[in-house]
Amino acid sequence: PNRVVSISDFDKKMSSPVVPESVLKKRATLKELAAKRAEAKKKEDVDRKQKRKLMFKRAEKYLKEYRESENETIRLKRAARAAGSFHVPAEAKVALVVRIRGITAVPPKTKKILQLLRLRQIHNAVFVKLNKATITMLRLIEPYIAYGYPTMKTTKDIIYKRGFAKVNGNRIPIADNSVIEEKLGKYDIICVEDLIHEIYTCGPNFKQAANFLWPFKLSSPLGGYKNKLIHYIEGGDAGNRGERIGDFVNRMI
């Protein structure tokens, strides 16, 4: 027998429309994606916390290492003074080189060396690993540069205040440790403190760390120059300043 459909049954069917299968699938997909994103974010937060802890531990370790080295130097100086002699510190491994003269009347050989050291503009500065070849190059271009051996404070100040990264040929500000980790993570350099330590101690990956940094663009020294054409020993600005390069660079940062 034919079933008689009442008007109330018909109204109920009309009031609850059928949801298309494609819409249901889309909702399920979006829900799954949201769950995956939440899981990925949770994992990322955990990783970030672990990396932050690692960075703090490394910073503390480096600070302890610097203090021990400084205390050892003081101890050796006192021992030498007590013995009536002089303490001769170890030879520097890294130099901070600043170009102090422009492009006017630069000999071709000097110009080539300045380009090799990435000192293409006046007031550019770079870190250079000292060996027989680089020392010879620095002596050849002494009239055009001021250089010396940076202390920990000078190294830290210039990287924090004027440091930019070279990423795919572009000058990128070091606003986050992720910039460093992305380029130097494979060398176990994941934060600014790692970068400073690698350069200051002239570590095994010094070349990669120094090339990661874009040549520093400094300002004219506060108070001006004495005389660019005369060597520092004679009262000018050019040439080797030893550890006093820090005073000169601080006026340019």
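The values are calculated or read from the model by the stated rules, or taken from the named source; none is laboratory data. Because the structure is a prediction, the values reported are computed rather than measured. Note: ideal-geometry Cβ built from the backbone for every residue, glycine included; neighbour counts use all protein chains shown. Side chains included, ligands, DNA and RNA excluded: accessible areas come from the protein's heavy atoms. Shrake-Rupley method; radii C 1.70, N 1.55, O 1.52, S 1.80 Å.
Numbers for the structure displayed
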{"read-out": "Surrounding net charge for Ala210, when Lys and Arg each add one and Asp and Glu each subtract one, Cβ distance under 11 Å", "value": "+3"}
{"read-out": "Set of aspartates and glutamates with alpha-carbon distance to Lys31 below 16 Å, sequence-local pairs under 8 removed", "value": "Glu21, Glu39"}
{"read-out": "Reach of Lys42 by Cα under 16 Å, taken over aspartates and glutamates that are not fewer than 8 positions away in the same chain", "value": "Glu32"}
{"read-out": "Probe 1.4 Å, accessible area per residue of the stretch 180-253, Å²", "value": "49 Å²"}
{"read-out": "Farthest toward positive dipole pole in the chain [+1 Lys/Arg, -1 Asp/Glu at C-beta], among Tyr200, Ala82, Pro20", "value": "Pro20"}
{"read-out": "Relative packing of peptides 140-152, 89-101 - highest average C-beta neighbours within 10 Å first", "value": "140-152, 89-101"}
{"read-out": "Label corresponding to Rg and Dmax of the Cα atoms in Å when calculated from the structure given, among (i) 30.7, 125; (ii) 25.8, 80; (iii) 18.5, 62", "value": "(i)"}
{"read-out": "Percent carbon-and-sulfur accessible area, the stretch 80-135, ignoring ligands, DNA and RNA, probe 1.4 Å", "value": "59 percent"}
{"read-out": "Cα gyration tensor shape for the stretch 121-186, rounded if a/c is under 1.5, else prolate or oblate", "value": "prolate"}
{"read-out": "Highest-MSF residue in the chain out of Phe216, Phe56, Phe127 [GNM, Cα springs under 10 Å]", "value": "Phe56"}
{"read-out": "Label-point separation in nm, Arg171 to Thr104, each point 7 Å along Cα→Cβ", "value": "2.3 nm"}
{"read-out": "3J(HN,Hα) from dihedral phi, the stretch 44-60, Karplus parametrisation 6.51/-1.76/1.60, rounded to Hz, x for glycine, proline", "value": "5, 5, 5, 4, 5, 5, 5, 5, 5, 4, 4, 5, 4, 5, 5, 4, 5"}
{"read-out": "Cα-based reach from Lys186 at 22 Å (exclusive), listing lysines while leaving out same-chain residues under 8 positions away", "value": "Lys43, Lys49, Lys51, Lys53, Lys57, Lys61, Lys129, Lys166, Lys207"}
{"read-out": "Total formal charge among the other residues, if their Cβ is under 14 angstrom from that of Gly235, Lys/Arg +1 and Asp/Glu -1", "value": "+2"}
{"read-out": "Dipole moment magnitude, nearest 20 debye, the stretch 64-183 about Cα centre, only Lys, Arg, Asp, Glu C-beta charged", "value": "440 debye"}
{"read-out": "Residues with amide H under 5 Å from that of Ile230, placed H, sequence gap 5 or more", "value": "Asp237, Ala238"}
{"read-out": "Most positive-pole-ward Cα, Ala209, Val249, Ile233, against dipole of the chain from beta carbon charges", "value": "Ala209"}
{"read-out": "Ellipticity estimate at 222 nm from DSSP helix runs (n ≥ 4, -39,500 (n - 2.57)) divided over the chain, nearest 500", "value": "-16500 deg cm²/dmol"}
{"read-out": "Anisotropy class of the stretch 169-253 from Cα gyration tensor, a/c 1.5 cut", "value": "prolate"}
{"read-out": "Within the accessible area of the stretch 146-225 (1.4 Å probe), percent carbon and sulfur", "value": "50 percent"}
{"read-out": "In sequence order, calculated HN-Hα J values of the stretch 110-122 (Karplus, 6.51, -1.76, 1.60; Hz; x Gly/Pro)", "value": "4, 4, 5, 5, 4, 5, 4, 8, 6, 9, 8, 10, 5"}
{"read-out": "Trypsin sites (Lys or Arg not before Pro) restricted to the stretch 165-231 and DSSP loop, no more than 16 other C-beta within 10 Å", "value": "Lys226, Lys228"}
{"read-out": "J(HN,Hα) series, the stretch 95-101, from Karplus relation 6.51 cos²θ - 1.76 cosθ + 1.60, nearest Hz, glycine and proline x", "value": "10, 9, 10, 10, 7, 10, 10"}
{"read-out": "For the stretch 32-155: rounded, prolate or oblate by the Cα gyration tensor [a/c cutoff 1.5]", "value": "oblate"}
